[in-house]
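First comes the structure, then the notes that go with it.
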Amino acid sequence: MNKKVAFVIVTLLISVSLSGCLGRGGKGGQYAPDKSPDDVDGDDYNVLYIGHSFGRKFAELLEDYAHTAGETDHAQYIEFSGGESGSPGLLWDDAQHQANIKAFLDTGEIDVLIMICCSPEFIQTLDTDQAVWNFTDYAVEKNPNIRIGLAMPWKDFPGDYGNASEYATNSTLDLYPYWGNLSDELRADYPGTDVFTFHHGALAYEMREMFEAGDLEGDIQRLQGPKATSLFTDEKGHAGDILVDTGTLIWLHAVHGVDPMDMPEFTQWETDIREIAKAALD
């Protein structure tokens, strides 16, 4: 797919499909986690997620998953802002969010910084996002050994699409290669820094296809509804429990390299979600 065609597709995708998740219609405001910069301990493996709600649930669970996997020193911190305001560009432009994030980085003890797509600049250009460089530059200056993670979510408003195939068309599956190119450029500019990219959002398309094929029968009853029995919890497309559990396995692999099949079986699900995550990674 050439860049001109991709731009048209992505522009349509953003204007029609991502207006909730990445649009300004999302709920704003700072997420107030239990931990603050004062809690950062140099003996821990400290992971800071900055972003919107299509990443927050995974970040919230990641500490527990990491501890289960034997990464007992993992400590999780979050700076949250809803919708597009949680993109790197608007977090950087917001004085309070920027100050909050810098306060964590100023500790000099942050081991991983995770940002999530997509800033308005990236949507417009498909190859630049100055705020990602701004945050990385500051992070590396204060934490020379920090790792930088770039996450890609899924397309929201899944109910607007008649089936899994329609939902996956003109989606973040098309956007992700450009996100990968951006990460390659970031890596080239910071050759001593580990920059990694991951697409937990890909699970939403795969698991919707499985749901429609009856492969999640016994676990998922509805596309949208109660979080325990639905793939998504609302029209916007926030993740239900099974998508959160599976997606956190992707985050765990991205941050710690843990093979999903090395985790204990999730007995609350009839489906072996470890296999779904493993297949997505493979």
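When the test is whether a residue is surrounded by 23 or more Cβ atoms within 10 Å (Cβ to Cβ) and either free of Cβ contacts under 8 Å to residues at least 12 places away in the same chain or not acidic (D, E) (or both), W133 does not pass it.
Residue by residue, here is whether (1) under 25 Å from A99 (Cβ atoms); (2) touching a strand residue (DSSP E or B) at 6+ places or on another chain (Cβ under 9 Å); (3) surrounded by 23 or more Cβ atoms within 10 Å (Cβ to Cβ) holds:
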position: P120; (1), (2), (3): yes, no, no
position: K142; (1), (2), (3): yes, yes, no
position: L150; (1), (2), (3): yes, yes, yes
position: T169; (1), (2), (3): no, no, no
position: D184; (1), (2), (3): no, yes, no
position: F196; (1), (2), (3): no, yes, no
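Of the set (1) among the charged types (D, E, K, R); (2) more than 23 Å from I242 (Cβ to Cβ); (3) in contact with a helix residue (DSSP H, G or I) (Cβ under 9 Å, 6 or more places away or on another chain), all apply to K57 but (2). Scanning segment 273-282 for residues that are in contact with a helix residue (DSSP H, G or I) (Cβ under 9 Å, 6 or more places away or on another chain) and acidic (D, E) yields a single hit, E275.
Okay, residues lined up against (1) charged (D, E, K, R); (2) touching a residue at least 12 places away in the same chain (Cβ under 8 Å); (3) surrounded by 15 or more Cβ atoms within 10 Å (Cβ to Cβ):
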{"site": "D174", "(1), (2), (3)": "yes, yes, yes"}
{"site": "R222", "(1), (2), (3)": "yes, no, no"}
{"site": "S230", "(1), (2), (3)": "no, no, yes"}
{"site": "I250", "(1), (2), (3)": "no, yes, yes"}
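Remark: A254 matches the filter, which requires a residue to be out of contact with any Leu (no Cβ under 8 Å at 6 or more places or on another chain) and under 15 Å from H200 (Cβ atoms). Close Cβ contacts (under 6 Å, 6 or more residues apart or on different chains) running from residues in segment 37-55 that are at positive phi to residues that are surrounded by 17 or more Cβ atoms within 10 Å (Cβ to Cβ) comprise G51/G86; G51/I116.
A short reminder: the numbers here are calculations on the coordinates, not readings from a lab. Not measured: the values here are computed from a predicted model. FYI the Cβ positions are ideal-geometry reconstructions off the backbone, even for glycines, and counts take in every protein chain you see.
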